[in-house]
Amino acid sequence: MQHSGGSNENAVGGIVTYVFVGTRGTEVADFGGQTLSCTHEGRAAMFSMPADAIAAAVAAVAYAPKQLFAGVASGAYQPSRWSETLLRIQDIAAAGQKGQIVVSHVTHELARPSLSTDYKFHSLGTVVLSNGSAEVLLLAEHASVPFEESPKTVQEPARRRSKFIGRSRELDEVRRLLDASRVVSVLAPSGLGK
């Protein structure tokens, strides 16, 4: 683990904010915080202040918006559960597209008092992550990152005539989430039968 400024020492109640900047074709430069991992898929870092984490994600994506995207989420500081945390922030980042910063609702609420009015947020609705948990997500807008009015096109799914085998519990959960929210995204690694 490489320390590059910032730590969990100032985190309130053991809550920190994690940032994952994913890449499609370019190296992700150090964007501050405490670097937790750096691979060909992207770089993850931890910040004690949510507003700092959002600002760092915006600055990182602004560097190469055609190749980079980011996810920002707050949670408990638990080094023993790092692999689960990394998967969570990668899932959150995957809810967006290149050039976009996706922020969890909790992180937005924690950062809101400290953020300048230069930041705007747009709801993506409730997204089901690969671990089965559901999170309300927002897209961050800032002048330094190009923003499309229609950030992600959601199409009605084709009606299936065949049954999912062994997925009744998951289907019930998606139906429940659709009743509560207009948009639900299902994220999971490829090959899992989404």
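The values are calculated or read from the model by the stated rules, or taken from the named source; none is laboratory data. Just so you know, these numbers come straight off a predicted model, no measurement behind them. Here Cβ is always computed from backbone atoms with ideal geometry, including for glycine, and neighbour counts include all displayed protein chains. The accessibility values were calculated without ligands, DNA or RNA, using every heavy atom of the protein model including side chains. Shrake-Rupley method; radii C 1.70, N 1.55, O 1.52, S 1.80 Å.
Quick notes on this one:
- Restricting the first member to the range 29-48 and to residues that are closer than 16 Å to ALA94 by Cα, and the second to residues that are of a type in the set (Gly, Ala, Ser), the beta-carbon pairs closer than 6 Å and six or more apart or on different chains are GLY42/GLY22; ALA44/SER37.
- Residue within the range 35-52 that is over 22 Å from GLU135 (Cα atoms) and not in a strand (DSSP E or B) present: yes
- Residue among VAL16, VAL58, VAL72, VAL103 that alone is surrounded by 15 or more Cβ atoms within 10 Å (Cβ to Cβ), at pLDDT 85 or above and over 14 Å from ALA140 (Cβ atoms): VAL16
- LYS120 of a type in the set (Lys, Arg) and either modelled with pLDDT of 90 or more or farther than 25 Å from CYS38 by Cα (or both): yes
- Test: residue in the range 107-122 that is open to solvent by less than 10 Å² (accessible area, probe 1.4 Å), over 24 Å from ASP30 (Cβ atoms) and touching a residue at least 60 places away in the same chain (Cβ under 8 Å): no
- Being in contact with a helix residue (DSSP H, G or I) (Cβ under 7 Å, 6 or more places away or on another chain), surrounded by fewer than 24 Cβ atoms within 10 Å (Cβ to Cβ) and more than 22 Å from SER114 (Cβ to Cβ) holds for only one residue in SER80, SER37, and it is SER37.
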